[in-house]
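Some notes on the structure that comes next.
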Amino acid sequence: MSAYDEPTWVNPATNDAPATTEEADTGGHVTAPPTPIEDYKKASKKSLPLMVMSILNIGAAVMMAALGVLTLIEVNNSGGVSDLSEPFLASYMCMFALLLGLYEFLWWMPTPNINRIVRKNFGFLYGLLGKGFYLIFVACLCVGLGTDAKIKVLNYSTGGCWIIMGLVHVFIVCFRPELAVQYHAPTAGLSSPSDQLSNVV
């Protein structure tokens, strides 16, 4: 051993063993493992519950966008705007619904450039737990409209739908992990495996 109790392989000058390398015999029939994008396309779309959840998320996004647009129309038709909270919440509803709808469309039809931008800025959507908490958080916007909403039935049904879908996402992560591991977020446009795992909750 060298000074300071270092092993001999640290200092090549004291290492007497010759450096040898051997070529591994692979038999010539080894193929490369499938890329993460191929795995994503095969595994994630085969799970019927995950496909149904995605379709229901698209439906919830449409309901939220409709509620936001109808609320903005009702506020405009009512004349003067005495309280800015309704149009403010309605515009946020439209933006959050658009974000969820965009992500779900990326899950079905990955587009590399859009996927990179969405993943960089909204990585919490790329995991079931993050998306579940997002759904629950955005459902609170419907509660924010509350009794002031012009379209109460759509308001409460949209809020209830988003809360239920959020709870289903969290339930799957906590109590059905075998289903949660089948979920694969879109990876189009991401070059390295570290890119594919970064910014995901």
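Just so you know, all these numbers are worked out from the coordinates, no wet-lab data involved. As the structure is a computational prediction, the values presented were derived from the model and not from experiment.
Taking θ as phi - 60°, what are the ³J(HN,Hα) couplings along segment 91-101 by the Karplus curve (6.51, -1.76, 1.60), each to the nearest whole Hz, with x for Gly and Pro?
Whole-Hz 3J(HN,Hα) from phi for segment 91-101: 5, 5, 4, 4, 5, 5, 5, 4, 4, 5, x.
Find how much the distance from Glu6 to Leu70 grows on full extension, using 0.36 nm per residue of separation minus their present alpha carbon separation; answer in nm with one decimal. Don't skip to the answer; put the middle values down first.
On the way: separation 64, 0.36 × 64 = 23.04 nm, distance 7.33 nm.
Taking Glu6 through Leu70 to full extension adds about 15.7 nm, to one decimal.
What full-extension length gain, to one decimal in nm, is calculated for Cys174 and Ser47 as 0.36 nm per residue of separation minus the Cα-Cα distance?
Working: separation 127, 0.36 × 127 = 45.72 nm, distance 1.78 nm.
Extra length available between Cys174 and Ser47 comes to 43.9 nm.
If each residue of separation counts as 0.36 nm, what is the full-extension length gain between Leu84 and Val153 once their alpha-carbon separation is subtracted?
Values: separation 69, 0.36 × 69 = 24.84 nm, distance 2.16 nm.
That pair, Leu84 and Val153, stretches by 22.7 nm at full extension.
Just how far, in whole angstrom, is segment 66-117 from segment 134-190 if you go by their alpha carbon centroids?
Measuring centre to centre over Cα atoms gives 15 Å.
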